[in-house]
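Notes follow the structure.
What follows draws every value from the coordinates through simple rules; no lab data is involved. This structure is a prediction, so every number in the text was calculated from the model and none was measured. As a convention, Cβ positions derive from the backbone with ideal geometry for all residues, glycine included, and neighbour counts pool all protein chains shown.
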Amino acid sequence: METVLLTAFEPFGDYEENPTATVLADIPDFLYNAKVIKVTLPVVYHHAFNVLLPYIEKHKPKVIVMLGLAGGRTHVSIERVAVNIASSKQADNLGNRLHEQRLEEGGADAYFTNMPLSKIIRRLHKKTIPAAISESAGTFVCNTLMYRVMHLIRRESLDTVAGFVHVPLLPHQTIGKSQLPSLEKRHMVDAVLTIIDTLINPVEIDVRQV
């Protein structure tokens, strides 16, 4: 049986709830012929990857999909690239503030996801889920996690498809903050299921031709 690793993050900063953990709870444990291992990670620069690593080593997943919150975005964002830098004015959940710190000395300046971005976006749009490719995972914990996962895949020559997905706030998180966009949980859950489906069932069938 194939394995999918799906990660979320705990609450951080001013957010008492992280939509990714809420979405994670609604994802089934099995999809088609794949077992879904769900892991909620700490919002701490290097601890997030260190918590995830034993799951990668134990389950040897075919797919790793990492979820993160991007408050202010209007749509599901599929990240194209992670950079070899940690730098943010915002502290992680242990109070760390890193400035222009390289994640892996001697590592590549950046790693691209190996997920089929165009195919994923096409499938999401067919289901009228607001989604787009994002060109930057930032330089906070989300980027750190994506970079270190992609670095591991490259270094160990793993046959694993991995990528990072940012989701907006949930509607109830924007009450009293009308300027902030949000997205219903059902759309986020559908987006995650569609992404996983695309990765473990890559053949597209046009039902109009069946």
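Summary table
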read-out	value
Rounded D (µm²/s) - segment 2-202, Kirkwood Rh over Cα pairs, Stokes-Einstein at 25 °C, 0.890 mPa s	145
Efficiency of FRET from Cβ geometry, N114 and K35, R₀ 22 Å, rounded to 0.05	0.55
The chain - charge dipole about Cα centre, Lys and Arg +1 at Cβ, Asp and Glu -1, debye rounded to 20	400
Ordering of 191-199, 125-133 by burial proxy (mean other Cβ atoms within 10 Å per residue, highest first)	191-199, 125-133
Net length gained if the chain between I133 and L180 were fully extended (0.36 nm per residue, minus Cα distance)	14.9 nm
Amide hydrogen neighbours beyond the local backbone of V63, cut-off 5 Å, H modeled	T3, L5, V161
Euclidean distance of C-alpha centroids, segment 139-170 and segment 49-114, integer Å	5
Paramagnetic label zone (point 7 Å from Cα along Cα-to-C-beta, R102; backbone N under 17 Å) in segment 150-168	151-152, 155
Distance (nanometres) between label positions extended 7 Å along Cα→Cβ at H125 and E2	2.4
Segment D14-N50, length gained on full extension (0.36 nm per residue, minus Cα span)	10.5 nm
Listed residues G176, T74, H166: farthest to the positive end of the dipole of segment 56-210 (Cβ charges)	G176
Under 27 Å from the Cα of K126 - lysines, other chains or at least 8 residues apart	K35, K38, K62, K185
